[in-house]
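Below: one structure, written as structure tokens.
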Amino acid sequence: MKIRFLGTGAAEGIPAIGCDCPHCTRAREEGGKLVRERNAILFSLPDYELLIDCAPDIRSLINKYRITRLDGILATRSRYDHVGGIKEFEYWPGQLDFLAEDRLFEAIQREHWTELLDAVMFHIPYYPGSSLYFNGFSIIPFAARRRRPIFGISVKEGDTRVVYTSDTPTRLTNYARRVMWNCDLLIVNTPTFDKEQENHINTLEAIELKKQVGARRMVLTSINHENLPHDELEAFVREVEGVIVAYDGMTLEV
Ligand SMILES: [Zn+2]
């Protein structure tokens with residue numbers, strides 16, 4: 001499968017609004033891989049183009065990367081930075097599947113939905129631990145947090161397994177770890193480098209997680225201005241086998 005990272009920033013993006021920290025200042029001045037739009041990932045699966053999350057910047061990302069085909073959107077949580085761009089799809093020329101767990105869909109409907117979207121989207125509920133079967137691939141969602149409806153996914157095509165954690169804390173269930181076990185690629189949202197946070201795993205903890213679950217490769221994404229700038233983070237992970245720092249526009253074949 002082909003995976004395209006359209007946006008690789010965390011909630012505030014880089015540069016963050018109104019922020020004059022050295023990271024944001026460098027991003028404004030130098031541009032390139034230092035700039036990160038909010039998180040959106042495109043999975044090209046057998047005859048199915050699946051967008052994971054729908055960043056507020058999705059309209060410009062879709063135009064920038066010349067995406068003219070989509071079959072479905074999978075939402076992992078209801079916050080603005082994950083699904084704030086959904087209203088842009090009122091103008092999508094066609095029909096789209098909208099994959100979201102029921103509680104999550106209710107929250108998205110409350111906060112972001114419009115009547116016009118009903119004409120474009122088919123809601124397809126997913127359930128943590130239950131495989132969503134497509135001819136040629138399958139998706140198993142798992143709870144990324146215990147109390148809030150936030151979900152990671154394992155995407156399986158043939159013998160290849162890719163796991164995307166979405167916004168997960170370090171404290172994962174044994175089930176989620178087992179889903180990640182020996183996967184070919186683990187994609188982890190790591191907003192910060194070494195700051196210990198209850199709700200988010202950091203870069204150093206993610207590197208430890210990769211070892212614990214035996215993932216072959218790992219991509220770090222959803223990075224914010226408190227993490228290292230792209231070049232410094234890349235230099236750091238060069239010493240760790242199989243770890244890649246995502247940047248906006250990066251494409252991977254798995
Ligand atoms: Zn900043």
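Let's see if you can work this out: charge +1 on each Lys and Arg Cβ, -1 on each Asp and Glu Cβ, no other charges. What is the dipole magnitude of the stretch 25-150 about its Cα centre, in debye to the nearest 20?
660
Put +1 on the Cβ of every Lys and Arg and -1 on every Asp and Glu Cβ in the chain; which of GLY214, VAL120, GLY85 then has its Cα farthest towards the positive end of the dipole?
GLY214
What is the order of HIS112, HIS230, fewest Cβ neighbours within 10 Å to most?
Going from sparsest to densest Cβ surroundings: HIS112, HIS230.
Note down the net charge around THR114, summing +1 for each Lys or Arg and -1 for each Asp or Glu among other residues with Cβ under 13 Å from its Cβ.
Value of the local net charge: -3.
Most exposed first by the Cβ proxy, i.e. fewest other Cβ within 10 Å, how do ASP53, ASP102 rank?
Values: ASP53 26, ASP102 12.
The fewest-first ordering by Cβ neighbours comes to ASP102, ASP53.
Among all the aspartates and glutamates, which ones have a C-alpha under 15 Å from LYS211's C-alpha, if same-chain residues fewer than 8 places away are not counted?
Counting by Cα, and skipping residues close in sequence, LYS211 has these aspartates and glutamates nearby: ASP184, GLU239, GLU241.
If I model a spin label as a point 7 Å beyond the Cα along the Cα-Cβ vector, how far apart are those points for GLU106 and ARG177 in nm?
Result for the modelled spin labels: 3.2 nm.
Can you put CYS19, CYS24 in order, fewest other beta carbons within 10 Å first?
Values: CYS19 14, CYS24 22.
With the fewest neighbours first, CYS19, CYS24 line up as CYS19, CYS24.
Magnitude of the Cβ-charge dipole of the chain, K/R +1 and D/E -1, about the Cα centre, nearest 20 debye?
Roughly 520 debye, rounded to the nearest 20.
With a 4.7 Å Cβ cut-off, tell me which Cys residues in the chain come up empty for a partner.
CYS21, CYS54, CYS183
Could you tell me which of the pairs LYS2/LYS195; LYS33/LYS195; LYS156/LYS195; LYS87/LYS156 are separated by over 26 angstrom between their Cα atoms in the structure shown?
The answer is LYS2/LYS195; LYS156/LYS195; LYS87/LYS156.
What Kirkwood radius, in Å to one decimal, follows from the Cα pairs of the chain?
Details: mean 1/r = 0.0551 Å⁻¹.
Roughly 18.2 Å, rounded to one decimal.
Using 0.36 nm per residue of separation minus the Cα-Cα distance, give me the extension gain between GLU196 and SER60 in nm, one decimal.
Taking 0.36 nm per residue and subtracting the Cα distance, the gain is 45.7 nm.
Can you give the calculated 222 nm mean residue ellipticity of the chain, where each DSSP H run of n ≥ 4 adds -39,500 (n - 2.57) and the sum is split over every residue, rounded to the nearest 500 deg cm²/dmol? If you can, show how the numbers build up before the last one.
Working: 8 runs with 61 residues, N = 254.
One gets -6500 deg cm²/dmol as the mean residue ellipticity at 222 nm.
Determine, from the Cβ-Cβ distance of ARG146 and GLU30 and an R0 of 35 Å, the FRET efficiency 1/(1 + (r/R0)^6), rounded to the nearest 0.05.
E between ARG146 and GLU30, to the nearest 0.05, is 0.30.
Once the Cβ-Cβ distance between SER138 and ARG216 is put in as r, and R0 is 25 Å, what FRET efficiency do you end up with, to the nearest 0.05?
That gives a FRET efficiency of 0.80.
Of the beta bridges DSSP finds with both residues in the chain, what % are antiparallel, to the nearest 5?
On the way: 29 of 52 bridges.
That works out to approximately 55 percent antiparallel.
For the stretch 148-158, what does the Karplus curve 6.51 cos²θ - 1.76 cosθ + 1.60, with θ = phi - 60°, yield as ³J(HN,Hα) per residue in whole Hz, taken in order and with x for Gly and Pro?
These are the phi-based 3J(HN,Hα) values: 9, x, 10, 10, x, 9, 10, 9, 10, 10, x Hz.
Taking θ = phi - 60°, what integer Hz values does the Karplus form 6.51 cos²θ - 1.76 cosθ + 1.60 yield along the stretch 73-81, in sequence order, with x for Gly and Pro?
10, 10, 9, 9, 7, 9, 5, 3, 5
What ranking do 78-90, 56-68, 2-14, 115-127 get when scored by the average of other Cβ atoms within 10 Å per residue, highest first?
Result, highest mean first: 2-14, 78-90, 56-68, 115-127.
As an exercise, identify the GluC sites (Glu not before Pro) in the stretch 160-254 lying in DSSP coil whose Cβ has no more than 14 other Cβ atoms within 10 Å.
Taking the stretch 160-254 and a limit of 14 other Cβ atoms within 10 Å, the loop GluC sites (Glu not before Pro) found are GLU196, GLU198, GLU239, GLU241.
Which trypsin sites (Lys or Arg not before Pro) from the stretch 195-254 combine a DSSP loop assignment with at most 11 other Cβ atoms within 10 Å?
Answer in residue order: ARG238.
Taking 0.36 nm per residue of separation and subtracting the Cα-Cα distance, what length does fully extending ILE67 through SER131 add?
Separation in residues times 0.36 nm, less the Cα-Cα distance, equals 20.3 nm.
Taking the chain as a Gaussian network, Cα atoms linked when under 10 Å apart, which of ASP231, ASP167, ASP184 shows the biggest mean-square fluctuation?
Comparing ASP231, ASP167, ASP184 in a Gaussian network model of the chain, the most mobile one is ASP231.
FYI, it's all coordinate maths here, none of it is from the lab. What you see is a predicted model, and the numbers here were worked out from it, not measured in a lab. Every residue, glycine among them, receives a Cβ derived from its backbone with ideal geometry; neighbour counts consider all protein chains shown.
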